[in-house]
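Following: one structure in structure tokens, then a few remarks.
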Amino acid sequence: MDAGEFAALPALARRLGVRFDDATPPRHLALPGAGGISLHAFDWGGDGAPVLFLHGGRLTARTWDYVCLGLRGCVHSVALDLRGHGDSGWSDDYGIDAHVADIGAVLDALAWPKAHLVGMSLGGMAAAHYAVSAPQRVASLTTVDVGPGIVFESTARVREFFGKIKPSAGPEAIVDAAMQMSAAGDRERIAYRMAALMRRSASGVWAWAHDSRRPVDFAELLAKAETMTEAAELLAAPCLVIRGGRSQVFSDEVAARFAARFADGEWAAVPDAGHLVQEDNPAGLIDVLTEFWSRES
């Protein structure tokens with residue numbers, strides 16, 4: 001992946017209402033994870049407190065492109081490819097505890113004694129459970145469209161898409177298939193998203209940018225979502241629970257109930273966004289995050 005992969009980002013970000021002054025592509029980082037695994041991340045630079053962004057399942061660090069671009073003026077953002085995703089190494093262990101161990105290793109490698117954590121879906125579970133294991137290293141915790149009471153069944157349509165479509169057909173065919181699912185979708189934005197979710201081998205064969213050798217253990221994920229409440233019992237740092245205003249995965253009621261468990265918790269709904277809050281309405285998410293961090297500074 002080179003700077004050309006980000007060529008479309010500035011125009012798309014402006015179309016989505018993201019404000020920024022510096023459109024320089026991020027810097028690639030190779031970081032050691034737990035157990036010797038090699039992890040990849042994007043360092044977006046920026047001024048201010050360190051923030052580690054963690055993506056959802058089947059996504060990559062690129063899902064945070066719009067948000068990290070728009071936050072350069074106030075924080076130092078690093079977006080991590082979770083193990084088995086993007087350009088990070090594959091493993092035999094994709095349990096939440098393994099992701100938690102990776103977060104600690106990454107913070108060590110970055111020499112960040114403490115950081116704000118922002119995690120969406122799977123990344124939010126990992127962030128919350130990391131906060132349980134090392135609350136002293138968490139400046140604040142933000143979970144995006146995930147928590148106790150999450151309804152995974154609402155993601156069935158997207159999971160079915162990834163299960164049926166063959167990435168070997170190539171990016172254009174994948175974009176065509178995605179457009180059939182959402183006729184009102186923005187083809188350029190979908191193409192940008194799919195380019196981040198695919199990799200081409202040296203032999204020219206396209207594949208998904210995640211390890212799909214084994215099915216996702218949804219029973220474990222549901223159990224770990226329910227035990228995210230443990231973070232509320234241990235974390236004194238501020239917590240922000242975010243949901244997409246149109247999300248069917250995580251409702252207002254469950255978001256409010258989860259936030260209320262924290263000593264210093266609040267929740268917010270980002271309008272005009274489904275489960276992929278950071279891509280559907282990045283400007284809205286940036287506004288919510290910056291307001292939250294400014295109150296806690």
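The values are calculated or read from the model by the stated rules, or taken from the named source; none is laboratory data. Nothing here was measured: the structure is a model prediction, and the numbers come from that model. FYI the Cβ positions are ideal-geometry reconstructions off the backbone, even for glycines, and counts take in every protein chain you see. In case anyone asks, the SASA skips ligands and DNA or RNA and just uses the protein heavy atoms, side chains included. Shrake-Rupley method; radii C 1.70, N 1.55, O 1.52, S 1.80 Å.
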Going through segment 208-244 in order, the residues found to be under 21 Å from Thr155 (Cα atoms) and of a type in the set (Gly, Ala, Ser) are Ala209, Ser212, Ala219, Ala223, Ala225, Gly244
Checking the structure you have, find out if any residue of segment 73-80 is open to solvent by less than 10 Å² (accessible area, probe 1.4 Å) and either among the polar types (S, T, N, Q) or not in a strand (DSSP E or B) (or both).
yes
Is there any pair with a first residue in segment 229-254 that is without any contact (Cβ under 8 Å) to a residue 40 or more places away in the chain and a second that is among the aromatic types (Phe, Trp, Tyr) whose Cβ atoms are under 6 Å apart and which are 6 or more apart or on different chains, and what are they?
Ala232/Phe262
State all residues of segment 38-71 that are over 16 Å from the mean Cα position of the chain (by Cα) and either open to solvent by less than 20 Å² (accessible area, probe 1.4 Å) or closer than 15 Å to Leu285 by Cβ (or both); if no residue qualifies, say none.
none
Of the numbered conditions (1) over 18 Å from the mean Cα position of the chain (by Cα); (2) of a type outside the set (A, V, I, L, M, F, W, C); (3) under 21 Å from Glu5 (Cα atoms), Tyr192 fails exactly one; give the number of that condition.
(1)
Scanning segment 8-34 residue by residue, the ones that are of a type in the set (Val, Ile, Thr) and surrounded by fewer than 17 Cβ atoms within 10 Å (Cβ to Cβ) total 1
Let me confirm something: among Val241, Val249, Val216, which residue is open to solvent by 20 Å² or more (accessible area, probe 1.4 Å) and either in contact with a strand residue (DSSP E or B) (Cβ under 7 Å, 6 or more places away or on another chain) or part of a loop (DSSP other than H, G, I, E, B) (or both)?
Val216
